[in-house]
Amino acid sequence: MDKKILAVILAAVVIVAAVAVYFALNNNGGGNDDKKDYVSLGLTNNFFPDHTCCVIAANYNYLQNNAEGAEKFLAGYYDAVKFVENSINNPSSDDYKWLVSFSKTKVPGLNDQEVKDALTNISYLYADGNNGNLSSLKSDIASLVGGLKDVGALQKEITDPASFANNFVNDTYMKTAIEDKDSLKPGTATVKVAVISGDIHQIAVHVGIEKGMFRDYGVTVEISNATNGGGIATSLINGDAQLGFLGAPPATINMINFGYVDSESVKDTSKAFNLVARVNSEGSGLYINAKVLDNPNASVLKRNGTEFFSNIGEAYTVGPANAKAWGGLVYGTPGTTSIQHIQLLTLAKDMGLKVKQYMVGDSISSDTLYWITNLANFQTITGDKTINAGIIWEPQFQRVIQES
């Protein structure tokens, strides 16, 4: 064989071998320590079935002085939620196809499957019943006060959680929005609304704007964005927004810790806000790096030979027997007042684990669950080499487990 031809063949073999080695290393985990291969540890639906998630809050003074403007907004929001619900229940419809496409414009970077999975994991709501009542939300808030106290999130004592909930939740405006829809259509109003950016839980408000549902009631909606529920609460307290979409825990924590609402009454009408509607229940998930698992393909995930949870059907429970699986890992959460953060601390409490904010250089102890906060999107989650696991809302949860 000609030496030049032989040299070319040998060079080609070397190149092919090098490419094969590269792909073997980068696709099988060897030699690529920075690769993050996150898998689902379960939905919050599994650990906390039917839990209250996001709510609509409205500045107290605004409600007293602009009741009709708030009712007009809620009437449009009711119509938007109905559109979202009907679309999800009819996945072959043109409305559903539009909703998936529109959702991608509001949360850039998602593909169709991620949107569809996220929409499936969220229960979109406006109230507890067709007439707009929020009686179950009042009960949920009363229970939440106890849970927040248990995990050390409250700085002030609430002597009567049920009375606090009655002062905090007001369903008058939503009831009127539903019962007197037609009478609300004359006249105009402008409403400043704060929402969490990149959060598909709140897609109905954007649908209402895009489809003209608020315009049907003469409402102009001005949107501002924050990265988490704590930011929304700040906008409401400072008067930068009149209504806001946020999680029940940050809403409750801010009112109690600042002393704006207590068991007796609304104490500061200029700073306080009321909860006037639901947004959704459920809709978040826990993720974990496959590298720390005994077998990432197991039907029930284990670490250190210990199952992360016990399950009966779709319900997952944790206790001291599961602590060895969870302890000694660093978990990311969106923010210290977020519902996701509170849920993580609740799981740690149920297992008897200590909790601590992780700082670079900390010695890791197996009896402690460590957390890092302000991880609210796919880029920051997958770009942080420190974290082993975490909890995040949809659709970022889908991005983490499907793209990481």
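The values are calculated or read from the model by the stated rules, or taken from the named source; none is laboratory data. Given the structure is predicted, the values throughout are model-derived calculations rather than measurements. Positions of Cβ are backbone-derived with ideal geometry, glycine not excepted, and every protein chain shown enters the neighbour counts.
To keep it simple, each residue is scored yes or no on (1) surrounded by fewer than 22 Cβ atoms within 10 Å (Cβ to Cβ); (2) among the hydrophobic types (A, V, I, L, M, F, W, C); (3) in contact with a helix residue (DSSP H, G or I) (Cβ under 9 Å, 6 or more places away or on another chain); (4) assigned by TED's automatic domain parsing to the domain that holds Asp199.
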residue	(1), (2), (3), (4)
Gly327	no, no, yes, no
His341	no, no, yes, no
Ile372	yes, yes, no, no
Asp384	yes, no, no, no
Ile387	no, yes, yes, no
Trp393	no, yes, yes, no
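Looking only at the range 233-253, count how many residues are assigned to a helix (DSSP H, G or I), in contact with a strand residue (DSSP E or B) (Cβ under 7 Å, 6 or more places away or on another chain) and under 20 Å from Asn66 (Cα atoms). The qualifying residues number 3.
Yes/no matrix, rows are residues, columns are (1) assigned to a helix (DSSP H, G or I); (2) modelled with pLDDT of 95 or more; (3) within 28 Å of Ile391 (Cα to Cα):
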residue	(1), (2), (3)
Lys4	yes, no, no
Ala11	yes, no, no
Ile15	yes, no, no
Asp50	no, no, yes
Ile56	no, yes, yes
Glu68	yes, yes, no
Lys72	yes, yes, no
Gly76	yes, yes, no
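Where helices (runs of 4 or more DSSP H) fall wholly inside the range 301-404, the ranges with 2 or more residues that are over 22 Å from the mean Cα position of the chain (by Cα) and either within 19 Å of Phe47 (Cα to Cα) or among the small types (Gly, Ala, Ser) (or both) are 323-326. Right, Gly352: in contact (Cβ under 8 Å) with a residue 12 or more places away in the chain, in contact with a Pro (Cβ under 6 Å, 6 or more places away or on another chain), at positive phi and not assigned by TED's automatic domain parsing to the domain that holds Ala226 or not? It is true that Gly352 is in contact (Cβ under 8 Å) with a residue 12 or more places away in the chain, in contact with a Pro (Cβ under 6 Å, 6 or more places away or on another chain), at positive phi and not assigned by TED's automatic domain parsing to the domain that holds Ala226. Note on the range 110-131: residues that are in a loop (DSSP other than H, G, I, E, B) and touching a strand residue (DSSP E or B) at 6+ places or on another chain (Cβ under 8 Å) amount to 5. Being over 29 Å from Gln113 (Cβ atoms) and among the aromatic types (Phe, Trp, Tyr) is a description that does not apply to Tyr316. For the range 254-285, a residue qualifies if it is buried (at least 20 other Cβ atoms within 10 Å of the Cβ), touching a helix residue (DSSP H, G or I) at 6+ places or on another chain (Cβ under 8 Å) and part of a strand (DSSP E or B), and the qualifying residues are Val261, Phe273, Asn274, Leu275, Val276, Ala277, Arg278, Asn280, Glu282, Ser284, Gly285. In a residue-by-residue description of the range 182-198, the property of being of a type in the set (Lys, Arg) and closer than 22 Å to Tyr124 by Cβ applies to no position. Looking across the range 153-174, the residues that are in contact (Cβ under 8 Å) with a residue 60 or more places away in the chain, loosely packed, with under 15 Cβ neighbours inside 10 Å and not polar (S, T, N, Q) come down to Lys156, Asp160.
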